[in-house]
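The values are calculated or read from the model by the stated rules, or taken from the named source; none is laboratory data. Computed from a predicted model, the values in this text were never measured in an experiment. Cβ sites come from the backbone with ideal geometry, for glycine too, and all protein chains shown count toward neighbours. These area figures cover heavy atoms from the full protein model, side chains too; ligands, DNA and RNA do not enter into them. Shrake-Rupley method; radii C 1.70, N 1.55, O 1.52, S 1.80 Å.
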Amino acid sequence: MNLHEYQAKQVFAQYAIPVPANRTITSVDQIEQAVAELGGNEWMVKAQVHAGGRGKAGGVIKAGSIAEIRQFAEKMLGTQLVTFQTDAKGQPVNTLLIEVPSSISRELYMGVLVDRSAKRVTIMASAAGGMNIEEVAATEPEKIITLAIDPVTGLMPNQVREAGFGMGLTPAQQKGLMKVMQGVYKIFVEKDASQVEINPLVVTEEDEIIALDAKISLDDNAVYRHKDMQALRDLSQEDEKENQAREFELNYVPLEGNIGCMVNGAGLAMATMDIIKNHGGEPANFLDVGGGVTKERVAEALKLILSDTNVKAILINIFGGIVRCDLIAEGIIAAAKEVALSVPVVVRLEGTNAELGRKLLEQSGLDIISRGDFTEAAQTVVNVAKGGNV
């Protein structure tokens, strides 16, 4: 779950991380009040979407008058912003962040994530802020300072000093850095985050350390423990089908092919997509219905797949371990009757009572093609998707 920049800055402020004074607006009618509360004669105005690259895409301006803000707001609010991190449709802009500009002396980078190889929460810092940190890591890795945090002791003062020295900060500036690093580490741990990032983290001409940008991503598996964070979820920024899938405990990711996939188990789902591609097909989605396959879950999964007009055929690949294949077959038949299939469906069942399950499918009278072999099932669905015969 991702937060908007303005939401992340609200969380930052709760943890004593300095951020520019700001206000948000959702309509042009709110501009004058927001500007009056902020004061000044110049303002940064930023479109709020769950994607990077907003500046290059025209989603950020520096305005010198209310008229400029109004013109930008009228142009931006209610539209889709397309950046290098979005698809061709872009992300909807429903909110603008207006904030007081900072007098920037230097731009730094600060990020927190889990380093799986080190098995530690890790803080990454760099003097090369404001840039694509992935490019810096690839071309100039010596500019990245990596600090693995011991879960027992937490962030230590010597680690803050190491980061400060590595970024070329003065002792006075390191005091501000201490506050920021303590804050981002606490947010990461206490909010069950998967990433906290500040790019750029700036040193002002007054030697203050300020988070000019803010990004927080939360672990979806732990969001239930944080009611305050759940309230910040913006469903308009997420894929509608993925949200629908989440309601029924389905793992669904849309792709660009024409063969719908329904599988139980993420590993089997990946293998299914691979074998489809190996035989010349293109998967239309990743869809894992989980271990407890039920009629209701299969029905919702079929509805999701069929809502994609590009789908020309469906492959259902189920391994019956805990759940018997005959029960799975009954669920597929019942769901298929409820949904009213409009494309050919190939079903491969393997596991407990697989033969009985295949027999039930063959006798159902529905447009369901039963296959026992994995490769044969993939070849069949690729063929029928291209308009070929069974």
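Hey, can you find the accessible area per residue of region 1-135 for me, probe 1.4 Å, expressed in square angstrom?
For region 1-135, the solvent-accessible area averages 48 Å² per residue.
What pairs in Lys119/Lys215; Lys9/Lys75; Lys9/Lys303 have C-alpha atoms more than 27 Å from each other?
As for pairs spanning more than 27 Å Cα to Cα, those are Lys9/Lys303.
Toward the positive end of the charge dipole of region 265-390, about the Cα centre and with charges on Cβ (Lys, Arg +1; Asp, Glu -1), which of Gly280, Ala266, Ala354 goes farthest?
Farthest towards the positive pole: Gly280.
Please tell me the relative contact order of the chain in percent, rounded to the nearest whole number, where contacts are Cα pairs under 8 Å and at least six residues apart.
Result for the chain is 12 percent.
Skip the ligands, DNA and RNA, and give the accessible area per residue of region 157-218 with a 1.4 Å probe, whole Å².
For region 157-218, the solvent-accessible area averages 41 Å² per residue.
From Cα coordinates alone, what are the radius of gyration and Dmax values for region 8-155 in angstrom?
18.1, 53
What are the principal axis extents of the Cα atoms in region 71-192, in Å, biggest first?
Per principal axis, max minus min of the Cα coordinates gives 49, 35, 33 Å.
Could you go through region 156-170 in sequence order and give the Karplus-derived ³J(HN,Hα) for each residue, using 6.51 cos²θ - 1.76 cosθ + 1.60 with θ = phi - 60°, rounded to whole Hz, and x for Gly and Pro?
9, x, 5, 6, 5, 4, 4, 5, x, 5, x, 8, x, 8, 7
Could you give the angle, 0 to 90 degrees to the nearest 10, between helix 5-14's Cα long axis and the longest principal axis of the Cα atoms of the chain?
Rounded to the nearest ten degrees, it is 60.
Among the lysines, which have Cα under 19 Å from the Cα of Lys277 when same-chain residues fewer than 8 positions away are ignored?
Lys312, Lys386
Distance between Cα centroids, region 152-182 to region 263-286: provide it in whole Å.
Spelled out, the Cα-based centre of one part sits 47 Å from the other.
Of the heavy-atom accessible surface of the chain (probe 1.4 angstrom), what whole percent is carbon and sulfur?
Carbon and sulfur: 49 percent of the exposed surface of the chain.
Tell me whether region 40-81 comes out rounded, prolate or oblate; compute the Cα gyration tensor, take square roots of the eigenvalues as a ≥ b ≥ c, and use a/c under 1.5 as the rounded threshold.
Taking the square roots of the gyration eigenvalues as a ≥ b ≥ c, region 40-81 is oblate.
Taking H placed 1.01 Å from N in the peptide plane, check which residues at least 5 places from Leu108 or on another chain put their amide H under 5 Å from its amide H.
Distant-sequence amide H within range of Leu108: Gly129, Leu201, Val202, Val203.
Within the chain, what's the longest stretch lacking trypsin sites (Lys or Arg not before Pro) that sit in DSSP loops with no more than 14 other Cβ atoms inside 10 Å?
120-385
In degrees between 0 and 90, to the nearest 10, how far off the longest principal axis of the chain does helix 325-339 point, with axes built from Cα atoms?
80 degrees
Below 12 angstrom from the Cβ of Leu113, what's the summed charge of the other residues (Lys, Arg +1; Asp, Glu -1)?
Net of charged neighbours comes to 0.
Note down the net charge around Glu37, summing +1 for each Lys or Arg and -1 for each Asp or Glu among other residues with Cβ under 14 Å from its Cβ.
Local charge sum for Glu37: -1.
Show me the GluC sites (Glu not before Pro) within region 278-350 that DSSP assigns to loop and that have at most 10 other Cβ atoms within 10 Å of their Cβ.
Filter output for region 278-350: empty list.
Defining a contact as two alpha carbons under 8 Å apart and six or more residues distant in sequence, what relative contact order in percent does region 108-149 show?
41 percent.
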